[in-house]
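Each remark here refers to the structure printed beneath this line.
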Amino acid sequence: MLQLIRNEPYAPGIAPATLDGNNHILTTPVQTLAGLEVSREITISETDDVAHTIELLHNPTAEPVTTTVRIVGNVGFDGKTTVFATSDGDTIPEPTDGWIGIDGNLSSGALVASFQGPDGLQPSSVSVTGDNIEWTYEVTVPAGQAVRIGHSTVVGGNRDQAVDSPLVTPPRLVGTTPSLAAGTLPSESTSLAISFSEPMVGIDVGGNYQLQSTGPDALLGTADDTIVPLSVSAYDTAATLYFTPLPDELYRLTIRAAITDAHGNAIYDAKVSAGGDYGSFRINCNIV
Ligand SMILES: [Ca+2]
Ligand SMILES: [Ca+2]
Ligand SMILES: [Ca+2]
């Protein structure tokens, strides 16, 4: 990870970094950039494959310093670099995303980058370009004070492992009643209960679900699809959808990304994101 203040790189030269007594926190030497004393603390967790980095910006002057901090990391996946998920359910890195999942298009391990400024400070921009991830903050450090910008990287053997780190824990769809494991529901079904891995926001809003059937052309996703009216009752980790008895047909249930956990994380499912339509969770079911 490279840090730049007003495009000047933080490169503290040959002075050695220091380890704390437990060998868990690495502190890099101080370099003065744009009037700020800049250093970095890196904490490696033994238990969860997470590296936490704190960019420490200390203002030793008597005036506030406002500057641009750009943090650039090489993710190491070269030309295969793929953003497979972000916290809001799409694959677009944005300043509002709490985390970004990146891998080598399923060819190797995966990582999740999480960045949170102090007091809710959001980056002004985030991008993944080539195999670099880069985020930029506009920061004002008050006179005589310090600002810490934290970011963390989780490494996993694959997408699921990286995303299931305690740092991220996006909600998952646990299952349905009746089960959709076989891809079917009984004919004339009138309800479907959906359970999630944690309490969810927005699960009680009917508009956050869409049940559609193929319509006359027997194809899903075309203009003649029929939207099935539904109602929902929900609490905590579960929602039950109610509808009039469904005739035999192919249906698609879309669970919208507006349904999130308490931290705004959208539902994550590797199979769906790999299909390139991660914004909503879909179940194709033949009702027979
Ligand atoms: Ca996003
Ligand atoms: Ca969660
Ligand atoms: Ca159709």
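Assorted remarks:
- Hits in the range 87-97 - residues which are within 16 Å of ligand 2 (Cβ to nearest atom) and over 17 Å from Asp160 (Cα atoms): Asp97
- For the range 240-283, a tally of residues being at pLDDT below 55 and either within 16 Å of ligand 1 (Cβ to nearest atom) or under 23 Å from Ser191 (Cα atoms) (or both) returns 10.
- Residue in the range 138-155 that is within 16 Å of ligand 1 (Cβ to nearest atom), more than 30 Å from Glu249 (Cα to Cα) and within 16 Å of the chain's Cα centre (by Cα) present: no
- For the range 162-195, a residue qualifies if it is farther than 19 Å from Asp90 by Cα and at pLDDT 90 or above, and the qualifying residues are Thr190, Ser191, Leu192, Ala193, Ile194, Ser195.
- Ile203, sole failed condition from (1) out of contact with any helix residue (DSSP H, G or I) (no Cβ under 7 Å at 6 or more places or on another chain); (2) buried (at least 17 other Cβ atoms within 10 Å of the Cβ); (3) assigned by TED's automatic domain parsing to the domain that holds His52: (3)
- Lone unmet requirement of (1) farther than 25 Å from Ser125 by Cα; (2) modelled with pLDDT under 75 for Leu2: (1)
- Which numbered condition Glu138 misses (of (1) touching a residue at least 60 places away in the same chain (Cβ under 8 Å); (2) more than 30 Å from Ala62 (Cβ to Cβ); (3) charged (D, E, K, R)): (2)
- Filter result for the condition that a residue is small (Gly, Ala, Ser), under 20 Å from Asn132 (Cβ atoms) and under 16 Å from the mean Cα position of the chain (by Cα), over Gly101, Gly89: Gly101
The values are calculated or read from the model by the stated rules, or taken from the named source; none is laboratory data. Predicted, not measured: the structure shown is a model, and the values here were computed from it. Glycine also receives a Cβ, built like all others from the backbone with ideal geometry; neighbour counts cover every protein chain displayed.
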